[in-house]
Amino acid sequence: MSHSLSRTLFVGGAAAALIATGAPAQAQASITVPPDKIVIELATVNGSGCREGTAQVAVAPDNTAFTVTYSEYTAQIGPGAPPTAFRKNCQLNLRVHVPNGFTYAIVQADYRGFGYLQPGATGVERANYYFQGMPQTAQRTHTFSGPFNDNWQSTDKTEYADLVWAPCGEKRNFNINTELRVNPGTSSPNATSFMAMDSTDASVNTLYHLAWATCPTPKA
């Protein structure tokens with residue numbers, strides 16, 4: 001997405017949030033990732049920050065992570081910006097094809113983005129995660145204060161004992177909710193501020209790190 005102000009996209013680390021509650025007793029810790037390639041499909045995409053065709057998912061070759069790349073995810077205020085542009089959100093519903101005998105959890109989420117905030121303005125990134133039919137994880141918020149003209153980044157990790165695992169033997173879609181918001185605060189109403197999480201060349205993406213565990217063998 002083009003902006004009235006020039007910016008430089010980056011390839012370094014970044015942002016997100018994750019909290020979880022309780023690994024199921026039936027999953028046993030495994031240091032070996034599944035040998036078969038996992039497949040992740042976008043089942044549905046909803047939100048002002050990720051209209052259809054502007055979000056892509058790719059799985060790492062070693063099955064330890066997957067990335068989401070956005071091409072039109074920017075919240076903005078200032079001259080020419082629509083009144084609703086100060087807030088953008090995206091809900092991704094992912095269909096994850098997991099090899100038999102394995103389950104997974106999200107152990108860390110890293111976001112990447114660029115922010116341009118006038119003095120007095122603030123930018124906010126929020127995220128939460130959940131498996132279909134299970135409680136949502138707590139929403140975490142990251143706030144950035146102006147003046148700011150740089151890459152924004154943050155990382156939250158979940159302790160292994162606190163991970164939320166996909167139920168063994170069940171097909172549950174995985175949902176990711178994110179939001180970007182720009183608040184003018186005390187900045188000039190005629191000044192432009194924005195928070196972006198988009199990329200036109202796939203160099204900026206959201207990285208979700210996977211933890212794997214083996215499921216118990218069904219009794220005969």
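What to note about this one:
- Reachable aspartates and glutamates, given that their alpha-carbon falls under 19 Å from the alpha-carbon of Lys171 and they are not under 8 places away in the same chain: Asp36, Glu41
- Residue order by solvent-accessible surface for Val45, Val204 is Val45, Val204, largest first, with ligands and nucleic acids left out and a 1.4 Å probe.
- Ellipsoid fit via the Cα gyration tensor, the range 131-197: semi-axes of 35, 14, 10 Å, each the root of five times an eigenvalue, largest first.
- Between Val124 and Thr44, the simple label model (points 7 Å from Cα in the Cβ direction) yields a spacing of 2.5 nm.
- Reachable aspartates and glutamates from Lys157, criterion Cα separation under 17 angstrom, eight or more residues apart if same chain: Asp110, Glu125
- Karplus-based coupling profile of the range 93-101, in residue order and whole Hz: 10, 9, 9, 9, 9, 9, x, 4, x, with θ = phi - 60° in 6.51 cos²θ - 1.76 cosθ + 1.60 and x standing for Gly or Pro.
- Along the axis of the charge dipole computed for the range 123-220 (Cβ charges of +1 for Lys and Arg, -1 for Asp and Glu, origin at the Cα centre), the listed residues Val182, Tyr208, Gln153 are led at the positive end by Tyr208.
- Protein accessible area in the range 79-220, 1.4 Å probe - carbon and sulfur %: 49 percent
- These residues, His209, His142, His97, go from largest to smallest accessible area, 1.4 Å probe, as His97, His209, His142.
The values are calculated or read from the model by the stated rules, or taken from the named source; none is laboratory data. Bear in mind the structure is a predicted one, so any value in this text is a computation, not a measurement. So basically every Cβ, Gly included, is an ideal-geometry build from the backbone, and we count neighbours across all protein chains shown. Quick note on the areas: whole protein, heavy atoms, side chains included, nothing else; ligands and nucleic acids left out. Shrake-Rupley method; radii C 1.70, N 1.55, O 1.52, S 1.80 Å.
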